[in-house]
Amino acid sequence: MTLLPTSPPVNRPAQQRNTANHWAATLIAAGITLLLIAGVLIAWQDALNNPVQPPQRGKSLDALVLTDLQGRAVPLHQYTGKPALLNIWASWCPPCRQEMPDLQAYAQKHADQNLVLLAINAGESSQTAAAYMQQNGLTFPTFIDPQEKLMDALAIHDYPTSILVGRDGLVKVIHVGLFTPQALEAELTPFLKP
């Protein structure tokens, strides 16, 4: 029996594993990078398609378009020239329910100054919002945001939230939480004068 010389072992499987691991890591990193880029592009496209930005004092909300109970689009700029109090609410929200009669009384008291009260129901159907308004004898215009897309664009997640837009179309007051009659007079009345 003749023994043939053998060659020293070659560690190819380890090299192949290292190469495979390197390519896998590279592909994963590239995939993550593409996902991040896609996310940035989608956010950028959303910002272009939805010009509504979170409210800031001294800034305009003219791009805001509300949806009334019949599903019609109502641009906020239609109220330019009048002070408009936007009240974001939900029927399940105890402070929202508590302040609504005070908001209506305040709006009626200041009707001669052309104050417009606009209730924006967040997360509920037009039927729910309309039924609540009717059951409670509330007469101000009501709008809906059933999927809370507008609330997300405005970065509003606490209810109630009220925003006073002045005659000039600029945000004057942002009030998060329950509005008492005293707070309404103190915070809003100075901005109602023509």
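The values are calculated or read from the model by the stated rules, or taken from the named source; none is laboratory data. Not measured: the values here are computed from a predicted model. Glycine also receives a Cβ, built like all others from the backbone with ideal geometry; neighbour counts cover every protein chain displayed. Side chains included, ligands, DNA and RNA excluded: accessible areas come from the protein's heavy atoms. Shrake-Rupley method; radii C 1.70, N 1.55, O 1.52, S 1.80 Å.
Pairs over the 24 Å Cα-Cα cut-off, from the set 109/172; 149/193; 109/149; 82/172: 149/193; 109/149. In this simple spin-label approximation, residue 92 and residue 168 carry label points 7 Å from Cα along the Cα→Cβ vector, and these lie 4.0 nm apart. Contour minus end-to-end for residue 138 and residue 59, with contour as 0.36 nm per residue of separation and end-to-end as the Cα-Cα distance? Separation in residues times 0.36 nm, less the Cα-Cα distance, equals 25.5 nm.
Using the average count of surrounding beta-carbon atoms within 10 Å as a protection proxy, the listed peptides 52-60, 70-78, 145-153, 84-92 rank, highest first, as 84-92, 145-153, 52-60, 70-78. A Förster radius of 25 Å combined with the Cβ-Cβ distance from residue 180 to residue 80 puts the calculated FRET efficiency at roughly 0.30.
Each other residue within a Cβ distance under 12 Å of residue 106 adds +1 if Lys or Arg and -1 if Asp or Glu, for a net charge of -3. Heavy-atom surface analysis with a 1.4 Å probe gives the range 120-183 a carbon and sulfur content of 51 percent of its accessible area. Remark: spin-label model distance residue 127-residue 193 equals 4.9 nm, labels positioned 7 Å along the Cα→Cβ axis.
Per residue, the range 87-142 exposes an accessible area of 44 Å² to a 1.4 Å probe, with every protein chain left in place. Charge tally for residue 122 (other residues, Cβ to Cβ under 14 Å; Lys, Arg +1; Asp, Glu -1): -3.
With a simple spin-label model that places each label point 7 Å from the Cα along the Cα-to-Cβ direction, the separation between residue 26 and residue 113 comes to 6.9 nm.
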